[in-house]
Amino acid sequence: MSVSRVCFVSVHTSPLARPGTGDAGGMNVVELALAEALQARGIRVEIVTRSSAPDDAGLVVLPSGVAVRSLRAGPQRPVAKEDLAAVVPEFAAAMARLERPDVVHSHYWLSGLAGVQAARGWGVPHVQSFHTLGAMKNASLAPGDRGEPVARIEAERRIVRHSRLVVTTTEAERDSVVRDYGASPSRVAVVAPGVDDVLFHPGAVPPSRRAPLLLVVGRVQPLKAQDLAIRAFARLDPALGAELAIVGEPTPGADGYLRELEALAARSGAGGRIRFLGSQSRADVARLMREAAVLLVPSHSESFGLVALEAAASGTPVVARRTQGLVESVRHGVSGILVDGGAPGGEDEAEEWARAIAALLADPERQAELSADARAWSASLSWSGAAQRLGELYLLVSTHPTPTHPTHNDGLSA
């Protein structure tokens, strides 16, 4: 038996959306890169996503051959993530009218709600990638941030139960799926992301000789903790001549947090050296990576943290919080430095980060070592390798017959 057609499900965000805008982030990059790498290996991939505007093209075929199909479900406008579960039955019904694939692979829990129903109706295996887990987010919330609701956790638990396989990006995420969701360890597999080494590569000037630019890349929201980057930056000696660039736009509902960041920068005394660059193209992000001396990843929670791997490929050392998936995407002492810090949001935390950043900027030899080691490590992770592993897993889950059931939702749309 072979696997020749796979349907990727991405309900809440299109893989064509620019990362750092709206709800688009690292998941969009991972999903599209995996699809194109699978396509290159001879497995046809169609990505289905929800149409959010009347002028959305029904079908877009990318130069790689990957097809992206927009399905009508709910209003033809953006819908808040917390309201999207209500349109899942309509989305699943639209999927059922498509050509039957060999495997359905859903990305994010909302996609899993639809993907499980569609896979059941087609009688094919369902594979789930969560990218972020409610339980992991709730375990590392930003101060004052609202936790993920019980309804999401319960929905994720049901998706795990109805999936042939759950694919995670890190051992930390795998442990959470087993511990917090009751998955059998034999039904959870880790497939580490790759990195686009054509786009992300070292520049002509090594980090130790670059202007002291500190870079933060990601959607602007409390979970990403851009406020910690600002508070730590404000504690650096101005004589260093460092600048801080923050790339990304607020996620829906996080505009107030951006205003708080702007006010914090103005109060810090270092506001003139802090730039809010908004969303940037992938090419511009890669250029900024090559120009930066250090990438900061202060996130409270990350299943992986793809930007850290992209920085490694660029030869740019990373300073990141020691938490969850970042412990695996940042090799401490190899591609960067992991910071324990004090209590989240506290002054001790900002001081600890400032000391780690200052020590790295003051040690050109250490920067050069981290840069070289980071490039070597990132070279071991490729999208081609990830796609090969994923193809093997698809074949494995397809070797056992999947019974066909009616496409009732079995409580999955809750």
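The values are calculated or read from the model by the stated rules, or taken from the named source; none is laboratory data. Remember, predicted model here, so these are calculated numbers, not experimental data. Note that each Cβ is placed from the backbone with ideal geometry, even for glycine, and that neighbours are counted across all protein chains shown.
The figures follow:
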| quantity | calculated |
| --- | --- |
| When residues of the stretch 126-140 are limited to those that are more than 15 Å from the chain's Cα centre (by Cα) and surrounded by fewer than 24 Cβ atoms within 10 Å (Cβ to Cβ), the one nearest to V167 (Cα to Cα) | A135 |
| Residue in the stretch 183-192 that is at pLDDT 95 or above, crowded, with 18+ Cβ neighbours inside 10 Å and outside any loop (DSSP other than H, G, I, E, B) present | yes |
| Flag if S268 is among the polar types (S, T, N, Q) and closer than 19 Å to L361 by Cβ | yes |
| Residues of the stretch 323-335 satisfying the condition of being over 10 Å from V297 (Cα atoms) and out of contact with any helix residue (DSSP H, G or I) (no Cβ under 6 Å at 6 or more places or on another chain) | T323, V327, E328, H332, G333 |
| Odd one out for D145 among (1) touching a helix residue (DSSP H, G or I) at 6+ places or on another chain (Cβ under 7 Å); (2) closer than 23 Å to E302 by Cα; (3) in a helix (DSSP H, G or I); (4) in contact (Cβ under 8 Å) with a residue 60 or more places away in the chain | (3) |
| Scope the stretch 292-311; condition buried (at least 24 other Cβ atoms within 10 Å of the Cβ) and more than 17 Å from P212 (Cα to Cα); matching residues | P298, S299, E302, S303, F304, G305, L306, V307, A308, L309, E310 |
| Of residues in the stretch 238-258 being touching a residue at least 60 places away in the same chain (Cβ under 8 Å) and of a type in the set (V, I, T), the one farthest from A350 (Cα to Cα) | T251 |
| Selection count where residues are assigned to a loop (DSSP other than H, G, I, E, B) and surrounded by fewer than 20 Cβ atoms within 10 Å (Cβ to Cβ), scope the stretch 193-211 | 12 |
| Subset of the stretch 153-172 that is assigned to a helix (DSSP H, G or I) and modelled with pLDDT under 95 - its residue that is surrounded by the most Cβ atoms within 10 Å (Cβ to Cβ) | A172 |
| Only listed residue being buried (at least 20 other Cβ atoms within 10 Å of the Cβ), out of contact with any Pro (no Cβ under 6 Å at 6 or more places or on another chain) and either farther than 15 Å from E46 by Cα or without any contact (Cβ under 8 Å) to a residue 60 or more places away in the chain (or both), chosen from V79, V68, V104 | V68 |
| Positions within the stretch 360-401 being within 23 Å of A242 (Cβ to Cβ) and of a type in the set (S, T, Y), in sequence order | S371 |
| Complete set of residues in the stretch 289-337 that are over 21 Å from G194 (Cβ atoms) and in contact with a Pro (Cβ under 9 Å, 6 or more places away or on another chain) | A292, A293, V294, H300, V319, R321, I337 |
| Looking only at the stretch 240-258, and only at residues there that are within 23 Å of A354 (Cα to Cα) and part of a strand (DSSP E or B), the one that is nearest to the chain's Cα centre (by Cα) | V247 |
| For D175: the one exception among (1) surrounded by 17 or more Cβ atoms within 10 Å (Cβ to Cβ); (2) assigned by TED's automatic domain parsing to the domain that holds H131 | (1) |
| Residue among A320, A293, A311, A245 that is closer than 15 Å to P19 by Cβ, among the small types (G, A, S) and touching a helix residue (DSSP H, G or I) at 6+ places or on another chain (Cβ under 7 Å) | A311 |
